[in-house]
Structures are given as structure tokens and as C-alpha cells.
Amino acid sequence: MRKLKLQSISFSFMAIVLVLSGCGTNKEAGTVGADGGKVVIRMANLVTDNNFLNTGYKKFKEVAEKESNGQIEVQIYSGGTLTPSEDMEYEMLQTGVLDVVTNAAFIVASNAKAPSYNIFDVPFLFSNEEEMYKLTDGEYGEVLRNDLESKSNAYYLGVFSIGSFAIANNQREIRKPDDLKGLKIRSTTTPLQSGTISAMGANPTPISYGEIFTSLQQGTIDGVQTTTPLIHADRFYEAAEHLTLTRHFPLPHVLMVNKSFYDSLTDELKDVVDKAAEEQIKYARELAIKAEKDAIEEMKKEGVKVVEPSEDELELFIKAVQPAVDNNIDKVGVENYDMALDILGKSK
């Protein structure tokens, strides 16, 4: 088992990891659960217990425990109690400290060096979530599967969205790219995400997610680009009362299972994991639609000034970000980009 990079994590956190790591001993393929003994599946995420992402995890737990007649026990570590970041979450999956996780697609792209996952960061590629699922559930889904499984110790189980990107800021109403000029907008450092907000006219500012709210209050940043459910759940709108629903990226989460763990299960228990994953994905997709709608309505009630760009206004954003696509399409792979466009019936 590869060593985890835990130097900067607290002693108590390290102790939990070491205890769980000790449970991840190697088993002969197809033997775990054959004797009818208890099988523990460990999952973790960064969100609070009542967040809709964690609600999807609970669906996995419900189905897995029911379908296995209680032989499987799913332990969910929510709220960042076990993992301080998605990057660490991914690493824990690779080493077997965790058995099943979901990660944002850009996290998978970066950590697995899997360029096909960068397709979701191509701005305005998807008109809606149905188009994204047309990609993930079809031929391109096989590209995602092969890219991950050839470069990591994880199996691909599927994808679901946790919302679409919007831009929140505390300076002014944003209706066109020119309105963003001079604003410091928090972004990840991924080339397409930071390149997109830069092409729109803002100054991309990479700070950690946990620092966003304080940075908005202190003026270190003027705004943030992320999904509307996250803007609502983490109350960024309290420090950034202008919200523009550009929907320039989806934020898909990739459901994965540790290869060594999955391979060790009996065929019957593999079927249970597969069914639990299928049910989680289906349920999570429904939850995301409701979470996005509810987030927008709740923020309006709180006095947030919400802008829904017209078709003409949105076209200005689409034209503005084309250089970000042209300059970074190598991060996706031209063949992957062309395949996606072909599946979606779109042209360059």
C-alpha cells in the first residue's frame, strides 16, 4: 500500500486514517463475503450530513444494506470528518482507505491524469444536463471508463451532476462580459476553468474553497464561480448579493469504487454494489435538479439580485470564451473533443 501524504493533517485525523488503513488487507479475488461475514464499505465526502450530495450517499447505503440482507454495512464519513479535500479523498480511494467515493470530474482529470474528464470544463458545451448525460451514458462514457481504469486503482461506476456554474459577486450586476472587467473571481487553477473566467474579463483568483466566504467579506476576492446549490448551501450569497446564471459549466461527480476491494467481493456482492451505485446515480440526478431550483428560489427570497441572461446576452459570453477553448483543447484531447461534438450534434 502506498504511503499517504498526511504530514499537514492533525494527529487525530492521522490516527483515524491509520486505523482504517489497517482494515484494508489484501483478500483473494472473489472471496470476501463468501463465508457470510460482515463486509464494510467506507465512503466519505466534504459536505454536511443534510446536503443533497450526502443524501445520495445515503441512498447507496440503503440499497447496499437492503440488497445484501445486512451483510454489507456502509459507513459514511460526511462533513470532512475523514478527508479534508477531494484530492485526499481520491488518494484514499486509491490506497484502499476508502472503498467508494465521488469526486468532481476535474479532480479525477488532475489526479488520474485522465484528459477525457476535462470535457466537462469546456465552457457552454452543454445546453442542459440531459446533453451531459447523453455523453456520459453513451459512447463517451466508455472513454471515461477506460481512461480512469487504465490509470488508477478504481472502477468507474457512473456520473451525476451537482449543479451548473453561476457567477456570484458583491460589486455589481453582471449581464455581459464587460461587466466582469477588473473583478477578482475565485476559480480553481484548472486551465479551462481559470481560462474561461479570464476570457470573460475577470481576474481568476485561486484560493482554497474553505477561504471563499471570509475572502468575500474582506475584499480579497469580489466573487466566485461555482454551482448555485453550493453558493446557497455555503451562504456565499450573504457576502455576494449579485448572481448571474451563466450555466457555463456543469459540475459532474464521478462515482468510483476501489478496484482491489471490488475484485475481492463475491459475484453476488459485486451485483449488490452495482445496483447500489445505479440507484445512487439515478437518485442523485433527481436531487440535483431540485437542489438547483430550490437554491435559486431561496436566494431570491433572501434578497439576492438574480440575473438570468437573455439569449443575446448569453451569446456574448459564449463568444468571449472561445479563446479559452482554443488555447486549452489539448487538455481535453482533440479526439475526445471531436467525439463529444459529434455525439451532441454540434460544430466547432
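3J(HN,Hα) couplings calculated from phi for segment 133-141 with the Karplus curve 6.51 cos²θ - 1.76 cosθ + 1.60 (θ = phi - 60°) are, in sequence order, 6, 4, 6, 6, 8, x, 4, 5, x Hz; Gly and Pro show x. Treating r as the C-beta distance of Ser347 and Asp263 and R0 as 41 Å, the FRET efficiency rounds to 0.45.
Subtracting the Cα-Cα distance of Tyr209 and Lys290 from 0.36 nm times their residue separation leaves 26.8 nm of extension gain. Picking from Ser150, Ser78, Ser161, which is most flexible by a Gaussian network model of the chain using Cα springs under 10 Å? The residue that fluctuates most here is Ser150. Here the simple spin-label model places points 7 Å from the Cα toward Cβ, and for Lys301 and Ser150 these points are separated by 5.0 nm. Among beta bridges identified by DSSP and lying wholly in the chain, the antiparallel ones come to about 55 percent.
Comparing Asn45, Asn103, Asn327 in a Gaussian network model of the chain where C-alpha atoms under 10 Å apart are linked, the largest mean-square fluctuation is found at Asn327. Between Glu73 and Val39, Val40, Ile41, the built amide H atoms are under 5 Å apart, and every one of these is 5 or more places off in sequence or on another chain.
Taken one residue at a time, the phi angles of segment 60-71 give Karplus couplings (6.51, -1.76, 1.60, θ = phi - 60°) of 4, 4, 4, 5, 4, 6, 5, 5, 9, 6, x, 5 Hz. Gly and Pro are set to x.
Can you compute the charge dipole magnitude of the chain about its Cα centre, using +1 on each Lys and Arg Cβ and -1 on each Asp and Glu Cβ, nothing else charged? Give it in debye, rounded to the nearest 20. Walk me through the numbers before you get to the answer.
Numbers: 36 positive and 52 negative charges, 174 e Å.
For the chain, the charge dipole is close to 840 debye.
Among the listed pairs Lys59/Lys113; Lys61/Lys270; Lys58/Lys134; Lys151/Lys319; Lys134/Lys346, those whose Cα-Cα separation exceeds 24 Å are Lys59/Lys113; Lys58/Lys134; Lys151/Lys319.
Counting pairs of Cα atoms in the chain, how many percent are more than 35 Å apart? Display every interim value, and only then the final one.
On the way: 14245 of 60378 pairs.
When all Cα pairs of the chain are counted, 24 percent exceed 35 Å.
Helical content of the chain, expressed as a calculated mean residue ellipticity at 222 nm, amounts to -13500 deg cm²/dmol (DSSP H runs of 4 or more residues, -39,500 (n - 2.57) each, divided by residue number, nearest 500).
Between the amide H of Ser161 and those of His253, distances stay under 5 Å, these residues lying 5 or more places away or on another chain, with hydrogens modeled in the peptide plane. The distance linking segment 291-348 with segment 175-215 is 15 Å (Cα centroid to Cα centroid, whole angstrom). Label-to-label distance, Asp326 versus Asp49, with points set 7 angstrom from Cα along the beta-carbon direction: 5.3 nm. Residues Asp49, Asp121 in ascending order of nearby Cβ atoms (within 10 Å, fewest first): Asp49, Asp121. For the chain, the longest principal axis of the alpha carbon atoms and the long axis of helix 311-320 meet at an angle near 80°.
No value in this document is a laboratory result; all are computed from the given coordinates. Quick caveat, the model's predicted, so the values are computed rather than measured. Using ideal geometry, Cβ is built from the backbone for each residue, glycine included, and neighbour counts are taken over all protein chains shown.
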